[in-house]
Ligand code: URA
Ligand code: SF4
C-alpha cells in the first residue's frame, strides 16, 4: 500500500473531530502521487459524502470543465479538501476541525509535492495566507516553500453568479503557465512557521 493509500485508510476510520459523527463516508481526496497540480477545497458536500470522492457534485462538474479548458482531466490532478468529513448541513468547518484534520492534508502535500497548489475558496487560502482576503489575492501567484500558491474563488460560489464564474474562468487560464514555470533561484521563504514543512 502506498503512503497516500495509507492516509486514505486512516481518514476513513478517523474519529479525531466531531465531523466523524455526521459523515456517511469520509472523503480523503484522490489523484496521482506524481500530480503537478493540487486543488484544495473546503470539505465534502452531500454528493461527496455519499460517494467518498471529492468534487463530484455541481461544483465538481464546473471544476472538470475548467480542467478541460486547459487540456487536463481530473485523473491528472490531485483533489482534496481542508476537512475530510462533511460538516452538517454544509456549514463552514470550525477551526478546531480544520486543525484536527490538517495532519492528513499536510502529509498529502508532502507526498505529492505538487508544483502548483490552487486553493479553492477562503478556508484553504487561510491555511497558507492567514488574514488575506480572497478578493484581493485571487489570481495572484506566489511561491511558498516548494510550490507556487495560486488562490481562486471556490467553484461553488460561481454556480449562481455569472460574473464570479467569468472571474474563475479567467483566473484558471493562468494555470498552464504556472505549471511550466521553472523553480526560481531566489525563492520566497515561507512566511509562517507551519509552512516550513513543505
Ligand atoms: N466543495 C468542496 O469544497 N469540496 C468538495 O469536495 C466538494 C464541494
Ligand atoms: Fe478525522 Fe478529519 Fe474526519 Fe475530523 S474531518 S473525523 S479529523 S478525517
Gap separating the Cα centres of the stretch 24-94 and the stretch 6-21, nearest whole Å: 16
The Kirkwood hydrodynamic radius of the stretch 22-183, taken as the inverse of the mean 1/r over all distinct Cα pairs, in Å, comes to 15.6
If packing is taken as the average count of other Cβ atoms within 10 Å, what order do 115-124, 158-167 fall into, highest mean first? 115-124, 158-167
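For the chain, what does the helix formula give at 222 nm: sum of -39500 (n - 2.57) over DSSP H segments with n ≥ 4, over the residue count, nearest 500 deg cm²/dmol?
Counting only the DSSP helices, I get -11000 deg cm²/dmol.
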Ranking request for peptides 128-135, 106-113: highest mean number of other beta-carbon atoms within 10 Å first, then the rest in descending order. 106-113, 128-135
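Every read-out reported here was derived from the displayed coordinates using simple, explicitly stated rules and does not represent laboratory data. As the structure is a computational prediction, the values presented were derived from the model and not from experiment. Note that we place each Cβ from the backbone using ideal geometry, even for glycine, and neighbour counts take in every protein chain shown.
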